[in-house]
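FYI, it's all coordinate maths here, none of it is from the lab. Here the structure is a predicted model, which is why all the values come from computation and not from measurement. Because the Cβ atoms are built from the backbone with ideal geometry, glycine has one as well, and the counts that use them run over all protein chains shown.
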Amino acid sequence: MHTISGWLVSLLILSCHGIVAPGHTLSSSAQALQFVSGEQQQSNVVTWDEHSILVRGQRVMLFSGEFHPFRLPSPGLWFDIFEKIRSMGYTAVSFYLDWALLEGERGHVRAEGIFLLEPFFEAAQRAGLFLIARPGPYINAETSGGGLPGWLQRNKGRVRSTARDYIESTQSYLDEVLCIIAKFQIVRGGPIIMVQYENEYSISDTPESLAVLPKIFGMGEALDSDDIDTLSTDLFPDYMEHIKKQFTDAGIAVPLMINDAVPAGNWAPNTGKGAADIYTIDDYPFPYGFTCTQTPDTRLILGRLLTLQLKVEIQRCGPHSSGQVQSSTTLLSIHSAQPRRWVSPSFKEVSQKLG
């Protein structure tokens, strides 16, 4: 098992209830977050330590919602959505891009009309929000095929691996979208503060790994550290290293992050090939079936987040190997699903019927 470096930077929270910061009002151009102008090096703009992200030396609480442009393909409404998000006290928005939609026909990446990305970025910046870009190539995001285009089935190689035909298939899409994302990084005056490469590349498809999966959904015994090791076997570090290089070669200079679907330290800083700048845990403290009229015991949630119900060692790491930042850290991404004891009976019944 890898060691998770650092500890909490901040919380990326998907919430039913908007939390309004004390004294916060709807942002105007004068109140919007101040972004960097001109070409600046990453080390001078976005840094981090064991406490938080820092922008130009100032600590930032990344309190983030989630909003995907392909789920509201009406650019004229984007600023209104962003303004409402900002008015509720959020400071950032995380967004996925859907490869299957943007390159439905191999070799033709759509970047016009409702598929234009620039208006999305400009609307977020106008509202005073930072952006966290998550373009994939695999996104999950409860999309068909996790955002992988159907024409990949014509390939012989394994997806999400170093198979030559898969790697070559990602190139047109990543070249196009990363070029646009790079132009809107905070180091170039835009709102994008972090970029995630790949998504939840944490669980292999071996029979042993698949046998452990039911425990994640609260069926059977609780997960332990041996289960986590089993889930994460047979992953491809060379694949993650290649995808990461595609991002840096395209000019991505802000911190690169990864979200681990299980708290195993996969791709944490200083763990070898494919390691991220910032490691994040994709955790689910709320049960499926949770409604906004229910109020969970936050003490129980915090206890789970701190212990993770696993024997995972959490240590502070030394200076990052690149020498560009002060230290490595862990970012915690909180979404809405379940710890085992909060799984609703209806969810268990459905899960069991589906096998």
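Please arrange Met257, Met61 by how many other C-beta atoms lie within 10 Å of their C-beta, fewest to most.
So the ranking, lowest neighbour count to highest, is Met61, Met257.
Want the number for Ser74 to Ser144: 0.36 nm per residue separation, take away the alpha-carbon distance, what's left?
Once the chain is fully extended between Ser74 and Ser144, it gains 23.1 nm.
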